[in-house]
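S.K.: Take a look at the following structure, please.
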Amino acid sequence: MSTKFSEIDALFHPRSVAMVGITTSNPNHWTRGFLEGYLKFEFSSRGKLYLVNPKGGTVEGMPVYKSIQDIPGTVDFIIGLVPSRVSPQLIEDAAAKGARFAQFCTAGFSETGEEEDIHTEIALLETARRNNVRIIGPNCLGAYCPEAQMSFSELFPRESGSVGFVSQSGGNTNYLIRQAALRGVRFSKAISMGNACDLNECDFLEYLADDPKTEIIAMYLEGIKDGATFRRSLQYAAARKPVVLLKGGTGAAGARAVMGHTASLAGSHDIWTSLCRQEGIILVNNLDEMADVLVTLTMLTPPNGRRVLLFGGGGGSSVIVADTFEKRGLLVPQIPEQVIRELRGFSQAAGNFFNNPIDYSQSMGPSNVRRALDVLESWGGFDFIVNFVVPTQSISAQRFSYSPFSFDHITKPVAVVIQACLEPAESDKIYTYLTHYADRGYPVYLSFDSAAHALDLVLTHYERHAVQNRTPGVPAEQGA
(Lines give C-alpha, C1' and ligand atoms only; values in the text may rest on other atoms or scores of the structure.)
Protein backbone atom coordinates (compact mmCIF):
# COMPACT_ATOMS: atom_id res chain seq x y z
CA MET A 1 0.00 0.00 0.00
CA SER A 2 1.11 3.58 -0.70
CA THR A 3 2.13 6.16 1.87
CA LYS A 4 -1.06 8.07 1.06
CA PHE A 5 -3.16 4.96 1.78
CA SER A 6 -1.49 4.51 5.17
CA GLU A 7 -2.01 8.17 5.99
CA ILE A 8 -5.75 8.17 5.22
CA ASP A 9 -6.23 4.78 6.83
CA ALA A 10 -4.87 6.30 10.04
CA LEU A 11 -7.59 8.96 9.74
CA PHE A 12 -10.22 6.21 9.93
CA HIS A 13 -8.47 4.44 12.84
CA PRO A 14 -7.44 7.12 15.36
CA ARG A 15 -6.11 6.09 18.77
CA SER A 16 -7.32 9.27 20.45
CA VAL A 17 -9.96 11.87 19.58
CA ALA A 18 -10.60 15.31 21.08
CA MET A 19 -13.91 17.12 20.55
CA VAL A 20 -13.06 20.81 20.87
CA GLY A 21 -15.93 23.23 21.44
CA ILE A 22 -18.57 20.81 22.69
CA THR A 23 -21.28 22.55 24.69
CA THR A 24 -21.43 21.88 28.42
CA SER A 25 -24.80 23.50 29.12
CA ASN A 26 -27.32 22.39 26.48
CA PRO A 27 -27.78 18.62 26.02
CA ASN A 28 -29.78 19.25 22.82
CA HIS A 29 -27.08 21.37 21.16
CA TRP A 30 -25.88 20.09 17.78
CA THR A 31 -22.35 19.52 19.08
CA ARG A 32 -23.65 16.84 21.45
CA GLY A 33 -24.64 14.71 18.45
CA PHE A 34 -20.98 13.91 17.78
CA LEU A 35 -20.47 12.80 21.36
CA GLU A 36 -23.63 10.67 21.29
CA GLY A 37 -22.32 8.87 18.21
CA TYR A 38 -18.94 8.10 19.77
CA LEU A 39 -20.56 6.99 23.03
CA LYS A 40 -23.07 4.73 21.26
CA PHE A 41 -20.21 3.13 19.31
CA GLU A 42 -18.18 2.77 22.53
CA PHE A 43 -15.10 4.40 21.06
CA SER A 44 -13.57 4.66 24.53
CA SER A 45 -13.30 0.86 24.68
CA ARG A 46 -10.56 0.99 22.01
CA GLY A 47 -9.20 4.55 22.19
CA LYS A 48 -9.08 7.76 24.20
CA LEU A 49 -11.93 10.28 23.91
CA TYR A 50 -11.44 13.81 25.23
CA LEU A 51 -13.79 16.80 25.52
CA VAL A 52 -12.62 20.43 25.44
CA ASN A 53 -14.46 23.64 26.36
CA PRO A 54 -13.00 26.75 28.05
CA LYS A 55 -15.72 26.49 30.73
CA GLY A 56 -14.55 23.06 31.89
CA GLY A 57 -16.87 20.86 33.95
CA THR A 58 -18.26 17.46 33.01
CA VAL A 59 -20.49 16.07 30.25
CA GLU A 60 -21.99 12.57 30.45
CA GLY A 61 -19.69 11.88 33.38
CA MET A 62 -16.60 12.76 31.33
CA PRO A 63 -14.20 15.55 32.33
CA VAL A 64 -14.14 18.59 30.07
CA TYR A 65 -10.67 20.09 29.67
CA LYS A 66 -10.39 23.86 29.41
CA SER A 67 -7.82 23.68 26.62
CA ILE A 68 -6.17 21.12 24.37
CA GLN A 69 -2.93 21.67 26.27
CA ASP A 70 -4.58 20.33 29.43
CA ILE A 71 -5.23 16.92 27.83
CA PRO A 72 -2.83 14.28 29.18
CA GLY A 73 -0.77 12.68 26.44
CA THR A 74 -1.07 13.12 22.69
CA VAL A 75 -4.15 13.44 20.46
CA ASP A 76 -4.40 11.90 16.97
CA PHE A 77 -7.63 13.41 15.72
CA ILE A 78 -9.32 16.73 16.45
CA ILE A 79 -13.03 17.33 15.88
CA GLY A 80 -13.39 21.10 15.68
CA LEU A 81 -16.80 22.36 16.83
CA VAL A 82 -15.62 25.95 17.07
CA PRO A 83 -16.39 29.17 15.15
CA SER A 84 -14.51 29.42 11.87
CA ARG A 85 -12.49 32.46 12.95
CA VAL A 86 -10.57 30.47 15.59
CA SER A 87 -9.87 27.45 13.38
CA PRO A 88 -6.28 28.43 12.43
CA GLN A 89 -5.32 28.79 16.10
CA LEU A 90 -6.93 25.42 16.85
CA ILE A 91 -4.59 23.87 14.28
CA GLU A 92 -1.57 25.36 16.08
CA ASP A 93 -2.80 23.98 19.41
CA ALA A 94 -3.64 20.58 17.92
CA ALA A 95 -0.22 20.25 16.28
CA ALA A 96 1.43 20.93 19.63
CA LYS A 97 -0.40 17.86 20.98
CA GLY A 98 0.76 15.69 18.08
CA ALA A 99 -2.48 15.72 16.10
CA ARG A 100 -2.28 14.41 12.53
CA PHE A 101 -5.86 15.18 11.50
CA ALA A 102 -8.37 17.94 12.20
CA GLN A 103 -12.01 17.82 11.17
CA PHE A 104 -13.93 21.11 11.15
CA CYS A 105 -17.70 20.76 11.36
CA THR A 106 -18.76 24.40 11.48
CA ALA A 107 -19.70 26.51 8.47
CA GLY A 108 -18.61 30.07 7.76
CA PHE A 109 -15.75 29.37 5.38
CA SER A 110 -15.45 29.74 1.58
CA GLU A 111 -18.96 28.40 0.96
CA THR A 112 -20.43 31.78 2.03
CA GLY A 113 -18.67 33.58 -0.82
CA GLU A 114 -17.65 36.35 1.60
CA GLU A 115 -14.06 37.54 1.19
CA GLU A 116 -13.33 37.36 4.91
CA ASP A 117 -14.57 33.76 5.13
CA ILE A 118 -12.60 32.75 2.04
CA HIS A 119 -9.44 34.15 3.65
CA THR A 120 -10.23 32.25 6.86
CA GLU A 121 -10.28 28.97 4.93
CA ILE A 122 -7.02 29.87 3.18
CA ALA A 123 -5.42 30.67 6.54
CA LEU A 124 -6.71 27.37 7.95
CA LEU A 125 -5.14 25.41 5.11
CA GLU A 126 -1.84 27.29 5.24
CA THR A 127 -1.58 26.76 9.00
CA ALA A 128 -2.36 23.06 8.62
CA ARG A 129 0.29 22.57 5.93
CA ARG A 130 2.87 24.42 7.98
CA ASN A 131 2.17 22.07 10.90
CA ASN A 132 1.78 18.82 8.89
CA VAL A 133 -1.87 18.43 9.89
CA ARG A 134 -4.40 17.14 7.35
CA ILE A 135 -7.85 18.76 7.19
CA ILE A 136 -11.25 17.11 6.77
CA GLY A 137 -13.77 19.76 5.73
CA PRO A 138 -14.42 22.38 6.81
CA ASN A 139 -18.24 22.56 6.83
CA CYS A 140 -18.66 18.79 7.20
CA LEU A 141 -19.69 15.95 9.52
CA GLY A 142 -16.51 13.96 9.02
CA ALA A 143 -15.67 10.28 9.34
CA TYR A 144 -17.71 7.13 10.01
CA CYS A 145 -15.88 3.83 10.46
CA PRO A 146 -17.78 1.15 12.39
CA GLU A 147 -14.71 -1.10 12.53
CA ALA A 148 -12.91 1.66 14.47
CA GLN A 149 -16.06 2.42 16.53
CA MET A 150 -16.18 6.03 15.33
CA SER A 151 -19.40 7.65 14.14
CA PHE A 152 -20.83 11.15 14.03
CA SER A 153 -24.35 9.69 14.40
CA GLU A 154 -25.74 7.32 17.01
CA LEU A 155 -28.29 6.13 14.41
CA PHE A 156 -25.79 4.43 12.09
CA PRO A 157 -25.23 0.65 12.13
CA ARG A 158 -22.51 -0.73 14.37
CA GLU A 159 -21.74 -3.53 11.91
CA SER A 160 -19.13 -3.05 9.20
CA GLY A 161 -19.89 -3.75 5.55
CA SER A 162 -18.48 -3.51 2.06
CA VAL A 163 -19.57 -0.04 0.85
CA GLY A 164 -17.37 3.04 1.09
CA PHE A 165 -19.12 6.41 0.73
CA VAL A 166 -17.58 9.81 -0.10
CA SER A 167 -19.90 12.81 0.16
CA GLN A 168 -19.77 16.58 0.05
CA SER A 169 -22.97 16.74 2.10
CA GLY A 170 -23.44 15.69 5.70
CA GLY A 171 -27.21 15.53 5.37
CA ASN A 172 -26.97 13.31 2.30
CA THR A 173 -24.50 11.08 4.13
CA ASN A 174 -26.98 10.69 6.97
CA TYR A 175 -29.84 9.91 4.61
CA LEU A 176 -28.05 7.38 2.44
CA ILE A 177 -26.48 5.38 5.26
CA ARG A 178 -29.76 5.10 7.15
CA GLN A 179 -31.92 4.33 4.10
CA ALA A 180 -29.52 1.72 2.75
CA ALA A 181 -28.97 0.19 6.19
CA LEU A 182 -32.71 -0.34 6.61
CA ARG A 183 -32.49 -2.73 3.66
CA GLY A 184 -29.39 -4.61 4.78
CA VAL A 185 -26.51 -2.56 3.33
CA ARG A 186 -23.55 -1.96 5.62
CA PHE A 187 -20.60 0.41 5.18
CA SER A 188 -16.86 0.00 5.62
CA LYS A 189 -16.26 3.74 5.82
CA ALA A 190 -17.99 7.00 5.00
CA ILE A 191 -16.63 10.52 4.85
CA SER A 192 -18.56 13.79 4.76
CA MET A 193 -15.87 16.15 3.47
CA GLY A 194 -17.75 19.44 2.98
CA ASN A 195 -15.59 22.11 1.34
CA ALA A 196 -12.66 19.64 1.05
CA CYS A 197 -10.03 22.36 1.24
CA ASP A 198 -7.26 19.79 1.84
CA LEU A 199 -8.13 16.08 1.62
CA ASN A 200 -10.60 15.86 -1.24
CA GLU A 201 -12.63 13.54 -3.45
CA CYS A 202 -9.55 12.23 -5.29
CA ASP A 203 -7.74 11.32 -2.07
CA PHE A 204 -10.71 9.40 -0.67
CA LEU A 205 -11.60 7.79 -4.00
CA GLU A 206 -8.10 6.37 -4.44
CA TYR A 207 -8.01 5.30 -0.79
CA LEU A 208 -11.26 3.34 -1.09
CA ALA A 209 -10.06 1.80 -4.36
CA ASP A 210 -7.09 0.33 -2.44
CA ASP A 211 -8.98 -0.45 0.77
CA PRO A 212 -9.37 -4.25 1.18
CA LYS A 213 -12.42 -3.70 3.43
CA THR A 214 -14.28 -1.82 0.66
CA GLU A 215 -15.79 -3.64 -2.32
CA ILE A 216 -18.11 -0.93 -3.68
CA ILE A 217 -17.58 2.84 -3.80
CA ALA A 218 -20.41 5.38 -3.70
CA MET A 219 -19.98 9.14 -4.12
CA TYR A 220 -22.10 12.27 -3.82
CA LEU A 221 -20.25 15.16 -5.44
CA GLU A 222 -21.21 18.74 -6.13
CA GLY A 223 -17.98 19.73 -7.84
CA ILE A 224 -14.31 18.79 -8.10
CA LYS A 225 -11.04 20.55 -7.41
CA ASP A 226 -9.07 19.34 -10.44
CA GLY A 227 -10.74 17.73 -13.44
CA ALA A 228 -7.68 15.93 -14.82
CA THR A 229 -6.70 14.49 -11.44
CA PHE A 230 -10.26 13.43 -10.73
CA ARG A 231 -10.48 11.60 -14.04
CA ARG A 232 -7.30 9.67 -13.28
CA SER A 233 -8.59 8.81 -9.81
CA LEU A 234 -11.93 7.72 -11.25
CA GLN A 235 -10.20 5.51 -13.83
CA TYR A 236 -8.04 3.98 -11.11
CA ALA A 237 -11.02 3.20 -8.87
CA ALA A 238 -13.40 2.01 -11.61
CA ALA A 239 -10.82 -0.50 -12.85
CA ARG A 240 -10.89 -2.14 -9.43
CA LYS A 241 -14.40 -1.81 -8.01
CA PRO A 242 -17.93 -0.69 -8.94
CA VAL A 243 -18.29 3.08 -8.51
CA VAL A 244 -21.75 4.60 -8.04
CA LEU A 245 -21.94 8.38 -8.48
CA LEU A 246 -24.60 10.99 -7.77
CA LYS A 247 -23.73 14.42 -9.15
CA GLY A 248 -25.43 17.37 -7.47
CA GLY A 249 -26.01 20.71 -9.16
CA THR A 250 -26.93 19.45 -12.62
CA GLY A 251 -29.45 22.24 -13.26
CA ALA A 252 -29.11 26.01 -13.06
CA ALA A 253 -30.82 26.29 -9.67
CA GLY A 254 -28.89 23.31 -8.32
CA ALA A 255 -25.60 24.81 -9.49
CA ARG A 256 -26.40 28.00 -7.58
CA ALA A 257 -27.20 25.94 -4.48
CA VAL A 258 -23.90 24.06 -4.84
CA MET A 259 -21.92 27.30 -4.79
CA GLY A 260 -23.60 28.33 -1.55
CA HIS A 261 -23.32 24.89 0.02
CA THR A 262 -19.70 23.83 -0.49
CA ALA A 263 -18.25 26.57 -2.73
CA SER A 264 -17.83 24.02 -5.53
CA LEU A 265 -18.13 24.62 -9.24
CA ALA A 266 -20.81 22.23 -10.46
CA GLY A 267 -19.62 21.80 -14.05
CA SER A 268 -21.56 20.77 -17.13
CA HIS A 269 -24.06 17.94 -16.71
CA ASP A 270 -23.25 16.65 -20.19
CA ILE A 271 -19.53 16.51 -19.40
CA TRP A 272 -20.16 14.59 -16.20
CA THR A 273 -22.49 12.14 -17.95
CA SER A 274 -20.00 11.55 -20.75
CA LEU A 275 -17.14 11.03 -18.28
CA CYS A 276 -19.12 8.48 -16.26
CA ARG A 277 -20.14 6.53 -19.34
CA GLN A 278 -16.57 6.43 -20.64
CA GLU A 279 -15.20 5.15 -17.34
CA GLY A 280 -17.99 2.65 -16.60
CA ILE A 281 -19.39 4.52 -13.63
CA ILE A 282 -22.94 3.78 -12.46
CA LEU A 283 -24.56 7.22 -12.58
CA VAL A 284 -27.72 7.74 -10.51
CA ASN A 285 -30.17 10.64 -10.29
CA ASN A 286 -30.93 10.77 -6.57
CA LEU A 287 -30.11 9.20 -3.22
CA ASP A 288 -32.99 6.72 -3.39
CA GLU A 289 -31.63 5.40 -6.70
CA MET A 290 -28.21 5.16 -5.12
CA ALA A 291 -29.64 3.11 -2.24
CA ASP A 292 -31.41 0.83 -4.74
CA VAL A 293 -28.18 0.27 -6.67
CA LEU A 294 -26.18 -0.41 -3.49
CA VAL A 295 -28.82 -2.91 -2.37
CA THR A 296 -28.49 -4.64 -5.75
CA LEU A 297 -24.68 -4.69 -5.76
CA THR A 298 -24.32 -5.91 -2.19
CA MET A 299 -27.24 -8.32 -1.79
CA LEU A 300 -28.06 -9.82 -5.19
CA THR A 301 -25.83 -12.57 -6.54
CA PRO A 302 -24.94 -11.38 -10.07
CA PRO A 303 -27.42 -12.99 -12.49
CA ASN A 304 -26.14 -14.62 -15.67
CA GLY A 305 -28.41 -12.46 -17.82
CA ARG A 306 -31.47 -10.21 -18.06
CA ARG A 307 -34.22 -12.84 -18.11
CA VAL A 308 -36.49 -12.32 -15.10
CA LEU A 309 -39.19 -14.56 -13.66
CA LEU A 310 -41.85 -12.34 -12.06
CA PHE A 311 -43.59 -14.15 -9.22
CA GLY A 312 -46.29 -12.57 -7.05
CA GLY A 313 -49.94 -11.86 -6.50
CA GLY A 314 -52.44 -9.49 -8.13
CA GLY A 315 -53.71 -9.39 -11.70
CA GLY A 316 -53.30 -5.66 -12.23
CA SER A 317 -49.94 -5.67 -10.49
CA SER A 318 -48.78 -8.47 -12.79
CA VAL A 319 -49.58 -6.35 -15.83
CA ILE A 320 -47.81 -3.28 -14.48
CA VAL A 321 -44.72 -5.13 -13.25
CA ALA A 322 -44.29 -6.84 -16.63
CA ASP A 323 -44.62 -3.55 -18.51
CA THR A 324 -42.25 -1.79 -16.13
CA PHE A 325 -39.49 -4.39 -16.34
CA GLU A 326 -39.65 -4.60 -20.12
CA LYS A 327 -39.52 -0.80 -20.47
CA ARG A 328 -36.35 -0.81 -18.35
CA GLY A 329 -34.67 -3.32 -20.65
CA LEU A 330 -35.27 -6.53 -18.69
CA LEU A 331 -36.47 -9.65 -20.52
CA VAL A 332 -39.69 -11.37 -19.38
CA PRO A 333 -39.63 -14.77 -21.14
CA GLN A 334 -42.78 -16.78 -21.76
CA ILE A 335 -43.10 -20.05 -19.85
CA PRO A 336 -43.52 -23.16 -22.04
CA GLU A 337 -47.01 -24.68 -22.14
CA GLN A 338 -45.92 -28.00 -20.64
CA VAL A 339 -44.48 -26.17 -17.62
CA ILE A 340 -47.68 -24.13 -17.25
CA ARG A 341 -49.75 -27.32 -17.21
CA GLU A 342 -47.60 -28.71 -14.42
CA LEU A 343 -47.93 -25.49 -12.42
CA ARG A 344 -51.71 -25.56 -12.72
CA GLY A 345 -51.70 -28.85 -10.85
CA PHE A 346 -50.67 -27.04 -7.68
CA SER A 347 -53.73 -24.78 -7.52
CA GLN A 348 -57.08 -24.66 -9.27
CA ALA A 349 -58.06 -21.38 -7.58
CA ALA A 350 -59.73 -18.85 -9.85
CA GLY A 351 -57.52 -15.91 -10.70
CA ASN A 352 -54.21 -17.73 -10.70
CA PHE A 353 -52.11 -17.04 -13.79
CA PHE A 354 -49.17 -19.32 -14.52
CA ASN A 355 -47.41 -17.56 -17.36
CA ASN A 356 -44.72 -14.97 -16.72
CA PRO A 357 -45.60 -13.03 -14.54
CA ILE A 358 -46.92 -15.77 -12.29
CA ASP A 359 -49.95 -14.46 -10.42
CA TYR A 360 -50.60 -16.87 -7.59
CA SER A 361 -53.12 -16.63 -4.77
CA GLN A 362 -52.39 -17.10 -1.09
CA SER A 363 -54.52 -20.28 -1.30
CA MET A 364 -51.56 -22.11 -2.85
CA GLY A 365 -49.90 -22.39 0.54
CA PRO A 366 -46.16 -22.59 1.26
CA SER A 367 -45.67 -26.22 0.22
CA ASN A 368 -47.23 -25.71 -3.22
CA VAL A 369 -45.31 -22.46 -3.70
CA ARG A 370 -42.07 -24.36 -3.07
CA ARG A 371 -43.11 -27.14 -5.46
CA ALA A 372 -44.01 -24.59 -8.14
CA LEU A 373 -40.63 -22.91 -7.73
CA ASP A 374 -38.90 -26.28 -8.03
CA VAL A 375 -40.69 -26.90 -11.35
CA LEU A 376 -39.72 -23.46 -12.61
CA GLU A 377 -36.09 -23.88 -11.61
CA SER A 378 -35.99 -27.25 -13.36
CA TRP A 379 -37.20 -25.48 -16.50
CA GLY A 380 -34.47 -22.85 -16.00
CA GLY A 381 -35.48 -20.39 -18.70
CA PHE A 382 -34.72 -17.35 -16.54
CA ASP A 383 -31.70 -15.80 -14.83
CA PHE A 384 -33.25 -14.42 -11.64
CA ILE A 385 -36.57 -14.12 -9.80
CA VAL A 386 -38.40 -11.02 -8.63
CA ASN A 387 -41.04 -11.77 -6.00
CA PHE A 388 -43.51 -8.87 -5.94
CA VAL A 389 -45.63 -8.27 -2.87
CA VAL A 390 -48.67 -5.99 -2.81
CA PRO A 391 -49.81 -5.65 0.82
CA THR A 392 -53.58 -5.53 1.27
CA GLN A 393 -55.90 -5.41 4.25
CA SER A 394 -56.54 -9.12 3.89
CA ILE A 395 -52.87 -10.11 4.23
CA SER A 396 -51.49 -10.30 7.74
CA ALA A 397 -47.81 -10.59 8.57
CA GLN A 398 -48.45 -14.06 9.98
CA ARG A 399 -50.11 -15.32 6.79
CA PHE A 400 -47.42 -13.86 4.63
CA SER A 401 -44.42 -14.86 6.71
CA TYR A 402 -43.79 -18.08 4.81
CA SER A 403 -42.84 -16.36 1.55
CA PRO A 404 -39.14 -15.66 2.27
CA PHE A 405 -38.67 -19.26 3.34
CA SER A 406 -40.25 -20.43 0.09
CA PHE A 407 -37.26 -19.01 -1.82
CA ASP A 408 -34.44 -20.12 0.47
CA HIS A 409 -33.77 -23.31 -1.50
CA ILE A 410 -33.70 -21.60 -4.92
CA THR A 411 -30.27 -21.46 -6.58
CA LYS A 412 -31.12 -18.55 -8.90
CA PRO A 413 -30.80 -15.01 -7.48
CA VAL A 414 -34.00 -13.67 -5.88
CA ALA A 415 -35.06 -10.03 -5.40
CA VAL A 416 -38.19 -8.70 -3.71
CA VAL A 417 -40.46 -5.73 -4.44
CA ILE A 418 -42.84 -4.55 -1.73
CA GLN A 419 -45.26 -1.92 -2.99
CA ALA A 420 -45.10 0.85 -0.40
CA CYS A 421 -48.21 2.33 1.17
CA LEU A 422 -48.28 5.37 3.46
CA GLU A 423 -51.41 4.41 5.41
CA PRO A 424 -50.34 4.09 9.07
CA ALA A 425 -51.89 0.62 9.44
CA GLU A 426 -50.07 -0.60 6.32
CA SER A 427 -46.69 1.09 6.85
CA ASP A 428 -45.92 -1.04 9.91
CA LYS A 429 -46.82 -4.14 7.93
CA ILE A 430 -44.55 -3.09 5.07
CA TYR A 431 -41.69 -2.48 7.49
CA THR A 432 -42.23 -5.98 8.89
CA TYR A 433 -42.09 -7.48 5.40
CA LEU A 434 -39.04 -5.42 4.46
CA THR A 435 -36.98 -6.39 7.49
CA HIS A 436 -38.17 -10.00 7.23
CA TYR A 437 -36.71 -10.27 3.73
CA ALA A 438 -33.64 -8.06 4.28
CA ASP A 439 -32.61 -9.96 7.41
CA ARG A 440 -32.55 -13.13 5.32
CA GLY A 441 -30.25 -11.49 2.75
CA TYR A 442 -32.74 -10.63 0.01
CA PRO A 443 -32.49 -7.29 -1.84
CA VAL A 444 -35.72 -5.38 -1.24
CA TYR A 445 -37.18 -2.53 -3.32
CA LEU A 446 -40.20 -0.33 -2.66
CA SER A 447 -41.62 0.03 -6.17
CA PHE A 448 -41.61 -1.87 -9.45
CA ASP A 449 -39.77 0.90 -11.27
CA SER A 450 -37.09 1.41 -8.63
CA ALA A 451 -36.33 -2.31 -8.76
CA ALA A 452 -36.30 -2.50 -12.55
CA HIS A 453 -34.16 0.62 -12.90
CA ALA A 454 -31.58 -0.51 -10.34
CA LEU A 455 -31.39 -3.98 -11.87
CA ASP A 456 -30.91 -2.50 -15.34
CA LEU A 457 -28.12 -0.19 -14.13
CA VAL A 458 -26.28 -2.98 -12.34
CA LEU A 459 -26.72 -5.52 -15.14
CA THR A 460 -25.43 -2.93 -17.62
CA HIS A 461 -22.39 -2.49 -15.38
CA TYR A 462 -21.78 -6.25 -15.26
CA GLU A 463 -22.23 -6.55 -19.03
CA ARG A 464 -19.78 -3.74 -19.71
CA HIS A 465 -17.10 -5.26 -17.51
CA ALA A 466 -17.67 -8.73 -18.94
CA VAL A 467 -16.92 -7.32 -22.39
CA GLN A 468 -13.84 -5.44 -21.14
CA ASN A 469 -12.47 -8.51 -19.37
CA ARG A 470 -13.18 -11.00 -22.17
CA THR A 471 -10.15 -12.80 -23.58
CA PRO A 472 -9.39 -11.47 -27.10
CA GLY A 473 -10.58 -13.85 -29.79
CA VAL A 474 -13.00 -15.67 -27.49
CA PRO A 475 -16.63 -14.95 -28.45
CA ALA A 476 -19.18 -13.99 -25.80
CA GLU A 477 -21.47 -16.77 -24.68
CA GLN A 478 -24.86 -16.26 -26.29
CA GLY A 479 -27.79 -15.93 -23.94
CA ALA A 480 -30.87 -18.08 -24.39
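S.K.: Kindly indicate whether any position in the stretch 276-298 is basic (Lys, Arg), at pLDDT 95 or above, assigned to a helix (DSSP H, G or I) and surrounded by fewer than 16 Cβ atoms within 10 Å (Cβ to Cβ).
M.R.: No, the stretch 276-298 contains no residue that is basic (Lys, Arg), at pLDDT 95 or above, assigned to a helix (DSSP H, G or I) and surrounded by fewer than 16 Cβ atoms within 10 Å (Cβ to Cβ).
S.K.: Restricting attention to the stretch 44-83, which residues are modelled with pLDDT under 95 and surrounded by 20 or more Cβ atoms within 10 Å (Cβ to Cβ)?
M.R.: none
S.K.: List the helices (runs of 4 or more DSSP H) that sit entirely inside the stretch 366-480 and contain at least 3 residues that are farther than 23 Å from Glu326 by Cβ and modelled with pLDDT of 75 or more.
M.R.: So the answer is 424-438.
S.K.: Tell me which residues, restricted to the stretch 162-187, are part of a loop (DSSP other than H, G, I, E, B), crowded, with 19+ Cβ neighbours inside 10 Å and hydroxyl-bearing (Ser, Thr, Tyr).
M.R.: Ser169
S.K.: Show me the strands (runs of 3 or more DSSP E) found entirely inside the stretch 30-143 where at least 2 residues are free of Cβ contacts under 8 Å to residues at least 60 places away in the same chain and over 24 Å from Ala10 (Cβ atoms).
M.R.: 62-65
S.K.: Cβ-Cβ below 8 Å, separation at least six or inter-chain, first residue in the stretch 287-312 and under 28 Å from Asn355 (Cα atoms), second polar (S, T, N, Q) and outside any loop (DSSP other than H, G, I, E, B): which pairs?
M.R.: Asp292/Ser450; Leu310/Ser318; Phe311/Asn387; Gly312/Ser318; Gly312/Asn387
S.K.: Quick check, is Thr214 at pLDDT 90 or above and part of a loop (DSSP other than H, G, I, E, B)?
M.R.: Considered against the rule, which asks whether it is at pLDDT 90 or above and part of a loop (DSSP other than H, G, I, E, B), Thr214 comes out as yes.
S.K.: Give Glu147, Glu159 a once-over and let me know the one that is part of a loop (DSSP other than H, G, I, E, B) and either modelled with pLDDT of 95 or more or closer than 18 Å to Met19 by Cβ (or both).
M.R.: Glu159
S.K.: Do the conditions hold for Gly316, that is, is it part of a loop (DSSP other than H, G, I, E, B) and either more than 29 Å from Ala180 (Cβ to Cβ) or in the same structural domain as Glu463 (by TED's automatic domain parsing) (or both)?
M.R.: no
S.K.: Identify, please: which residue in the stretch 15-40 is in contact with a helix residue (DSSP H, G or I) (Cβ under 7 Å, 6 or more places away or on another chain) and not aliphatic (A, V, I, L, M) and is, among those, farthest from Ala143 (Cα to Cα)?
M.R.: This residue is Thr23.
S.K.: Right, here's the next one. Let me spell it out: the conditions are (1) in contact (Cβ under 8 Å) with a residue 60 or more places away in the chain; (2) assigned by TED's automatic domain parsing to the domain that holds Gln235, and Ser151 meets all of them except one. Which number is the exception?
M.R.: (2)
Yes or no, residue by residue, for (1) surrounded by 22 or more Cβ atoms within 10 Å (Cβ to Cβ); (2) of a type in the set (Asp, Glu); (3) at pLDDT 95 or above; (4) closer than 30 Å to Gly381 by Cβ:
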position: Ala218; (1), (2), (3), (4): yes, no, yes, no
position: Arg231; (1), (2), (3), (4): no, no, no, no
position: Gly249; (1), (2), (3), (4): yes, no, no, no
position: His269; (1), (2), (3), (4): no, no, no, no
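S.K.: Limited to the stretch 2-29, what total is found for residues that are at negative phi and assigned to a loop (DSSP other than H, G, I, E, B)?
M.R.: Residues that pass the stated criteria total 13.
S.K.: If Val64 satisfies every condition in (1) within 19 Å of Gly142 (Cβ to Cβ); (2) touching a strand residue (DSSP E or B) at 6+ places or on another chain (Cβ under 8 Å) but one, which is the exception?
M.R.: So the condition that Val64 fails would be (1).
The values are calculated or read from the model by the stated rules, or taken from the named source; none is laboratory data. These numbers were taken from a predicted model, which means no experiment stands behind them. Cβ sites come from the backbone with ideal geometry, for glycine too, and all protein chains shown count toward neighbours.
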